[in-house]
Amino acid sequence: MKNIRNFSIIAHIDHGKSTLADRMLEVTNTVPQRKMREQVLDQMDLERERGITIKMQPVRMEYHPERRGQSVEGRGDSDLPESSKLKAESSDSKYILNLIDTPGHIDFAYEVSRALTAVEGVLLLVDSTQGIQAQTLATLAMARDAGCVIIPVLSKIDMPASRVPEVRSALARLLDVDEEQVLSVSGKTGEGVSELLAAIVERIPPPSTSYQATGQGGRALVFDFSYSEHRGVVAYVRVTDGEVRTKDTISFMAVGKKMTALETGWLVPAEFPIPALSAGDIGYIVTGIKEPGVALVGDTIKAGNSTLPAFEGYSTPKAVVWASLYPDSQDGFTLLKQALSRLKLSDAALSFEEDGSSILGKGFRCGFLGMLHMEIVTERLTREFSITPVITTPSIMYEVTDTKGKTEQIYTPTQFPPHGMIASVREQWVNISIITPPTYLSPMTQLLYEYEATIHSADLFGLSGYGDDRLLIKAEMPLRELMRGFFDRLKSVSSGFASLSYEFGDFRSADVARLDILVAEELVPAFSRIVSTRRVEEEARAFVEKLSNTLPRQQFVLKIQAQAGGRIIASRSLSAIRKDVTSGLYGGDVSRKKKVLEKQKRGKERRGGHAKVQIPPEVFLRMVKPDSN
């Protein structure tokens, strides 16, 4: 175990985590050169298309200090890395580096927190062109709470806009370390990567264990899952004690479910089977489980005769945004349920429960960590399971007290009591931190006012000892407003320089109203939303306008209306598709054409009086995009 180092890379979004991981895989010869590609650890096409990391990804690397980036001889033509072949050489000549690459977006902070419990150290990556960002401070606090050794690293030092001396000084002051301890790397050129690997070996301690006797079984922490159609649940684990061997009887201690370990192995980054995982290893265990509710992140796997207690487990993530998902037809309800259950195995932050609507039928009320998280889940349903769900307008949780004094927690707009039956409403507030160049203070202040925020302070970083080129704004705002596309607007008004982090505050009184949308005079629950009273008319007009441009035209005049407070506050009519019924008339009196046109008009009126509009699922998806808010 003394030659094992377990670590993660944490950073603000787009600071170069995945690119640095690529270079580390190259320097250690973990991935053959012919199989290298950008973002090699990002397994999903969706991650590579968007250029962001969504899922944490473990990988095992073998580092030879004496080679310092030189290629490993005798690799051969095998696609498997040489580090996986257990060559007979001195144990002091190589180190096993277990990296867990993590996401940077704030919506996926739960992924980061789980990864930190499985490692002893972290690389705190800061973009040398942008400096310390809000999410840098948030991830740093998480690493400190987890007790991880922190190695400060500057990235993108090859960029023309790089400010290495200034950012190094600020980062050293933030961590209270000497500037010489702050390393510099370029994920693009590979500069400094070999020195970084040496620092990992030197500064991060090896894992410790309660016992190492192989005859007593083993214990492992489950930090993530994947799912295979043929092999069932594949648990990603950090073995803390003893050994977990293939064919061992293992059990998930939280549920007491016993099974046989069908396969154990490393991730390099592809799965590579080995006979056993030993204390200090990070790898995978194929469980064969295909039933939902058995595998839980944070659970403890016990193997053999181990009598060690279970770990405390992870805290349950708190959903921030709620939306209901319905199949496009009720025949797809079971498929949607299976798809959500499998997604939850690889996305522990997703929560869902059955829900029902008199119009949309049976579906699921789902909880997400943010708008991006919701967008990613719906996109994965489409790509991985060929399901295009009907999704309702996202909302947050409200505490509503009706006129009879009954208080309920409301997760969807359709649960709101009717107008006139509400005594009071309370909503969640958040404390936000924004880091931005001082030149953007004026537009930032206007933006915060627009989103009902209250500013508490605006201090230069230099006043806090972190630097002198950034402004730290602390404010509080309703969670409802934060989820109304605030992050995108923040990036827009600051030309991309501002960054944001937030934490939950208390519940306060809310001045909100339920906005309903009627199509052909019929309420569409999926379009209902809770909005600020002061913006209800603006929201109504904007929504009606976009819906009229999105809905396909019908054979009759289609009326689209927005209703709030018991009255219609916005309306738009969508003209009917008109067939040229006079094309077959040649010559004759004009009254012939008028007669045919009048007959067509009466037919459209009769049809419109009792028609029901079938709204395609893609319309619902378009309406929940950020520009619909």
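Things to note:
- Test: residue in region 9-18 that is open to solvent by less than 10 Å² (accessible area, probe 1.4 Å) and under 17 Å from residue 201 (Cα atoms): yes
- Given (1) open to solvent by 50 Å² or more (accessible area, probe 1.4 Å); (2) in a loop (DSSP other than H, G, I, E, B), index of the condition residue 354 fails: (2)
For (1) in a loop (DSSP other than H, G, I, E, B); (2) modelled with pLDDT of 90 or more; (3) among the charged types (D, E, K, R), each residue gets a yes or a no:
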| position | (1), (2), (3) |
| --- | --- |
| 425 | no, yes, no |
| 435 | no, no, no |
| 446 | no, yes, no |
| 455 | no, yes, no |
| 459 | no, no, yes |
| 467 | yes, no, no |
| 474 | no, yes, yes |
| 487 | no, no, no |
| 506 | no, yes, yes |
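- Single unsatisfied condition, residue 439 versus (1) of a type in the set (Ser, Thr, Tyr); (2) farther than 19 Å from residue 366 by Cα; (3) open to solvent by less than 50 Å² (accessible area, probe 1.4 Å): (3)
- Matching residues, region 184-235, being modelled with pLDDT under 90, open to solvent by 50 Å² or more (accessible area, probe 1.4 Å) and more than 31 Å from the chain's Cα centre (by Cα): 208, 210, 212, 214, 215, 216
- Residue selected from region 295-334 under the condition among the acidic types (Asp, Glu) and over 24 Å from residue 222 (Cβ atoms), by the criterion surrounded by the most Cβ atoms within 10 Å (Cβ to Cβ): 328
- Candidates are the residues of region 96-111 that are aliphatic (A, V, I, L, M) and open to solvent by less than 10 Å² (accessible area, probe 1.4 Å); the one that is farthest from residue 196 (Cα to Cα) is 100.
- Residue 538 satisfies every condition listed in (1) at pLDDT 90 or above; (2) touching a strand residue (DSSP E or B) at 6+ places or on another chain (Cβ under 6 Å) except (2).
- Number of positions in region 515-545 that are buried (at least 17 other Cβ atoms within 10 Å of the Cβ), over 17 Å from residue 417 (Cβ atoms) and not aliphatic (A, V, I, L, M): 5
- Flag if residue 419 is closer than 30 Å to residue 401 by Cβ and at pLDDT below 90: yes
- Residue list for region 520-571, filter: over 26 Å from residue 321 (Cα atoms) and β-branched (Val, Ile, Thr): 557, 560, 568, 569
- Test: residue in region 262-278 that is more than 17 Å from residue 233 (Cα to Cα) and surrounded by 23 or more Cβ atoms within 10 Å (Cβ to Cβ): yes
- Leading residue by the ranking (nearest to residue 508 (Cα to Cα)) among those in region 376-391 that are open to solvent by 30 Å² or more (accessible area, probe 1.4 Å), out of contact with any Pro (no Cβ under 9 Å at 6 or more places or on another chain) and touching a residue at least 60 places away in the same chain (Cβ under 8 Å): 379
- Among the candidates 337, 344, the residue that is open to solvent by 10 Å² or more (accessible area, probe 1.4 Å) and free of Cβ contacts under 8 Å to residues at least 40 places away in the same chain is uniquely 337.
- Residue count, region 20-54 (criterion: at pLDDT 80 or above and crowded, with 19+ Cβ neighbours inside 10 Å): 11
- So residue 162, is it open to solvent by 10 Å² or more (accessible area, probe 1.4 Å), in contact (Cβ under 8 Å) with a residue 60 or more places away in the chain and of a type in the set (S, T, N, Q): no
- Cβ-Cβ under 9 Å pairs, at least 6 apart or on other chains, region 249-273 side closer than 30 Å to residue 32 by Cα, far side β-branched (Val, Ile, Thr) and exposed (fewer than 15 other Cβ atoms within 10 Å of the Cβ): 261/249
- Note on region 617-628: among residues that are open to solvent by 60 Å² or more (accessible area, probe 1.4 Å) and at pLDDT 70 or above, the one that is farthest from the chain's Cα centre (by Cα) is 618.
- Flag if residue 362 is out of contact with any Lys or Arg (no Cβ under 8 Å at 6 or more places or on another chain), at pLDDT below 90, open to solvent by 20 Å² or more (accessible area, probe 1.4 Å) and part of a helix (DSSP H, G or I): no
- Count - residues of region 392-411 that are over 21 Å from residue 505 (Cβ atoms), open to solvent by 50 Å² or more (accessible area, probe 1.4 Å) and assigned to a strand (DSSP E or B): 1
- Per the listing 233, 255, the residue uniquely over 17 Å from residue 98 (Cβ atoms), part of a strand (DSSP E or B) and hydrophobic (A, V, I, L, M, F, W, C) is 233.
- A single entry from 173, 168 fulfils the requirement of being part of a helix (DSSP H, G or I), of a type in the set (D, E, K, R) and in contact (Cβ under 8 Å) with a residue 60 or more places away in the chain: 173.
- Criterion (within 29 Å of residue 429 (Cα to Cα), hydroxyl-bearing (Ser, Thr, Tyr) and modelled with pLDDT of 85 or more) met by exactly one of 351, 341, 315: 351
- Set side by side, the residues 239, 201 differ, and just one is part of a strand (DSSP E or B) and not polar (S, T, N, Q), which is 239.
- One residue from 260, 307 being of a type in the set (S, T, N, Q) and either in contact with a Ser or Thr (Cβ under 9 Å, 6 or more places away or on another chain) or closer than 25 Å to residue 25 by Cβ (or both): 260
- Within region 605-616, the set of residues being closer than 20 Å to residue 516 by Cβ, at pLDDT 75 or above and open to solvent by less than 60 Å² (accessible area, probe 1.4 Å) comprises 613, 615.
- Residues that are over 30 Å from residue 601 (Cα atoms), polar (S, T, N, Q) and part of a loop (DSSP other than H, G, I, E, B) within region 509-556 comprise just one, 528.
- Flag for residue 568 being open to solvent by 70 Å² or more (accessible area, probe 1.4 Å), among the β-branched types (Val, Ile, Thr), at pLDDT 85 or above and within 40 Å of the chain's Cα centre (by Cα): yes
The values are calculated or read from the model by the stated rules, or taken from the named source; none is laboratory data. These numbers were taken from a predicted model, which means no experiment stands behind them. Please note: Cβ atoms are built from the backbone with ideal geometry, for glycine as well, and neighbour counts cover all protein chains shown. Remember, those area values only see protein heavy atoms, side chains included, never the ligands or the DNA or RNA. Shrake-Rupley method; radii C 1.70, N 1.55, O 1.52, S 1.80 Å.
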